[in-house]
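Novice: Take this structure, written in structure tokens, and hold onto it; I'll ask about it next.
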Amino acid sequence: MLIETFIRKQLRLKAHTVTHVEETEESMVVHIDRLGRRLLRCGVCQQRCREVHSTRPEREWRDLAMRKLPLKLRYCPRRVDCPRCGVRVEDVPWAEPWARVTSALSNAVAVLARELSWQGTARQYGLNWKSVATIVKRAVEYGLRHRARPPVHIIGIDEVSRRKGQVYLTVVYDLERRVLLWVGDDRTEEAVKPFFTKEMGARRCHTLRVVCMDMWAPYAKLVREHATKAQILFDRFHIVKHLNEAVEEVRRSEMRRLSLKEKAVFKRSRWLLLKNPWNLTSNQKERLSTLVRWNSPIVRAYYLKEAFQLFWDYKQPQRAGHHLEKWMRSAMSSRLEPFKKFVRMLRSHLDGILSWTKQRVSNGAVEGMNNKIKSISHRSFGFRSAENFIAAIYHCCARLPLPVEL
Ligand SMILES: [Zn+2]
């Protein structure tokens, strides 16, 4: 088979044909022309048009490489006289109207850009970074327009930081399907509102049952306004994070106070606090008891933390509430300021915390996805514009459909 025939078949040309293929040192150039008087389609409405108005100057499209040789298509697009749209440039079957690469190449680029950085993808296909950015953004636009929108029941709202915690984005996940639903440029009420009003709309907000979020986030008000049937759940993942922060704060301020020798002893035995007492050897038990005898605030902090964690295992709301109440009282009398702060935070959000026993939903899955977002940001040396970063997040986490090749 001639190479011309092969390429014509590969491109599935009907109204066009390959006239000849020119081989040079660094590329293969495929020359395309109109086939006889076959009807061409309007670039706007796809309608077949009888009249050709004029011929445009030659254009070039990059295609998937043949082995190592870059492949380029060259063709002079016609302007057709469309009965509906008037004089328009024809629709070429191998590329989108705006594109300078073929659909086959842009699809391949989009697939690889889910795994690699945009720089890496560009290098792989011999394109520049900007072309990859354009392709990904177009793919995301297409994907958002064409993605399935099944009813959503359980969502998690969280924030991710861009540029070392200076700029924040809000991300919303469907926790049942474990997929990203939406990204907002900032974490303010104003910025997140469009998720409820535009992306979801009143009707889909109605099916929301549980909304997981961090206690400190400004999102609760929005949920109460727009998703009246949803229960707010301050999720396990974030509560434990705040708890760990309290422990860490106590530890840090104590370490500043301890003498060097005490510090050394403590550093060596800290892990003893995290082990189950019945798994300790007698030597370890003795070291632990020394530690406890100091009655150091750090020890109290560790035990408070461990005692709190029992909360997650209760199945009856009443017992869970009872446990929490007891725990908060002992934490308040612990003379540890970070824990008092933590208790005050719990107190003002008690409803949303106790709903855990009924819902057992956690934003834990969110952590994995947030890590993925972090790695997207790292591998691209941080996106300079929020727009590009948001496109990359959608592209990698939202499982959007890609344009189908015809
Ligand atoms: Zn038309």
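The values are calculated or read from the model by the stated rules, or taken from the named source; none is laboratory data. This one's a predicted model, so the numbers in the text were calculated from it and none came from an experiment. Please note: Cβ atoms are built from the backbone with ideal geometry, for glycine as well, and neighbour counts cover all protein chains shown.
Novice: Return the only residue of V136, V160 being under 20 Å from L181 (Cβ atoms), crowded, with 17+ Cβ neighbours inside 10 Å and at pLDDT below 90.
Specialist: Of the residues listed, the single one that is under 20 Å from L181 (Cβ atoms), crowded, with 17+ Cβ neighbours inside 10 Å and at pLDDT below 90 is V160.
Novice: Of all residues in the stretch 106-129, how many are part of a helix (DSSP H, G or I) and within 16 Å of Y142 (Cα to Cα)?
Specialist: 6
Novice: While we're on this one: Looking at (1) under 30 Å from G201 (Cα atoms); (2) touching a strand residue (DSSP E or B) at 6+ places or on another chain (Cβ under 9 Å); (3) touching a residue at least 40 places away in the same chain (Cβ under 8 Å), which is the one condition that is false for I135?
Specialist: Among (1) under 30 Å from G201 (Cα atoms); (2) touching a strand residue (DSSP E or B) at 6+ places or on another chain (Cβ under 9 Å); (3) touching a residue at least 40 places away in the same chain (Cβ under 8 Å), the lone unmet condition for I135 is (3).
Novice: Identify the residue in the stretch 359-399 that is of a type in the set (F, W, Y) and more than 14 Å from V172 (Cα to Cα) and, among all such residues, is modelled with the highest pLDDT.
Specialist: Per the stated criteria, the residue is F389.
Novice: Could you check how many residues of the stretch 316-340 are exposed (fewer than 14 other Cβ atoms within 10 Å of the Cβ) and assigned to a helix (DSSP H, G or I)?
Specialist: Matching residues across the stretch 316-340 total 8.
Novice: Which residues, counting only those in the stretch 20-29, are of a type in the set (V, I, T) and either assigned to a strand (DSSP E or B) or within 16 Å of the ligand (Cβ to nearest atom) (or both)?
Specialist: The answer is V21, V29.
Novice: Cβ contacts < 7 Å: first residue loosely packed, with under 14 Cβ neighbours inside 10 Å, restricted to the stretch 290-312; second residue at pLDDT 85 or above, any location; separation 6+ or different chain. Result?
Specialist: Cβ pairs passing all conditions: L310/H323.
Novice: Sort through I32, I7 and tell me the only one that's closer than 19 Å to R67 by Cα, surrounded by 13 or more Cβ atoms within 10 Å (Cβ to Cβ) and away from the ligand (no atom under 16 Å from the Cβ).
Specialist: From the options I32, I7, the qualifying one is I7.
Novice: Another question, then. Is it the case that A99 is out of contact with any His (no Cβ under 9 Å at 6 or more places or on another chain) and not in a loop (DSSP other than H, G, I, E, B)?
Specialist: Against the criterion (out of contact with any His (no Cβ under 9 Å at 6 or more places or on another chain) and not in a loop (DSSP other than H, G, I, E, B)), A99 does not qualify.
Novice: Let me ask something else about it. In the stretch 203-219, which residues are assigned to a helix (DSSP H, G or I) and in contact (Cβ under 8 Å) with a residue 12 or more places away in the chain?
Specialist: Across the stretch 203-219, the qualifying residues are R204, C205.
Novice: When you look at K372, is it out of contact with any Lys or Arg (no Cβ under 9 Å at 6 or more places or on another chain) and within 27 Å of A301 (Cα to Cα), yes or no?
Specialist: No.
Novice: Does T207 fit the bill of being in contact with a strand residue (DSSP E or B) (Cβ under 9 Å, 6 or more places away or on another chain) and hydroxyl-bearing (S, T, Y)?
Specialist: no
Novice: Could you grab the pairs with beta carbons closer than 6 Å, sequence gap of 6+ or different chains, first residue in the stretch 358-376 and farther than 19 Å from A392 by Cα, second one of a type outside the set (F, W, Y) and part of a helix (DSSP H, G or I)?
Specialist: Here the result reads S362/R236, each pair linking the stretch 358-376 to a residue that is of a type outside the set (F, W, Y) and part of a helix (DSSP H, G or I).
Novice: Within the stretch 220-259, which residues are small (G, A, S), buried (at least 17 other Cβ atoms within 10 Å of the Cβ) and part of a helix (DSSP H, G or I)?
Specialist: Answer for the stretch 220-259, where residues must be small (G, A, S), buried (at least 17 other Cβ atoms within 10 Å of the Cβ) and part of a helix (DSSP H, G or I): A220, A246.
Novice: Something else about it: When the residues of the stretch 55-93 are narrowed to those that are over 30 Å from R123 (Cβ atoms) and more than 16 Å from the ligand (Cβ to nearest atom), which ends up surrounded by the fewest Cβ atoms within 10 Å (Cβ to Cβ)?
Specialist: If we take residues in the stretch 55-93 being over 30 Å from R123 (Cβ atoms) and more than 16 Å from the ligand (Cβ to nearest atom), then P57 is surrounded by the fewest Cβ atoms within 10 Å (Cβ to Cβ).
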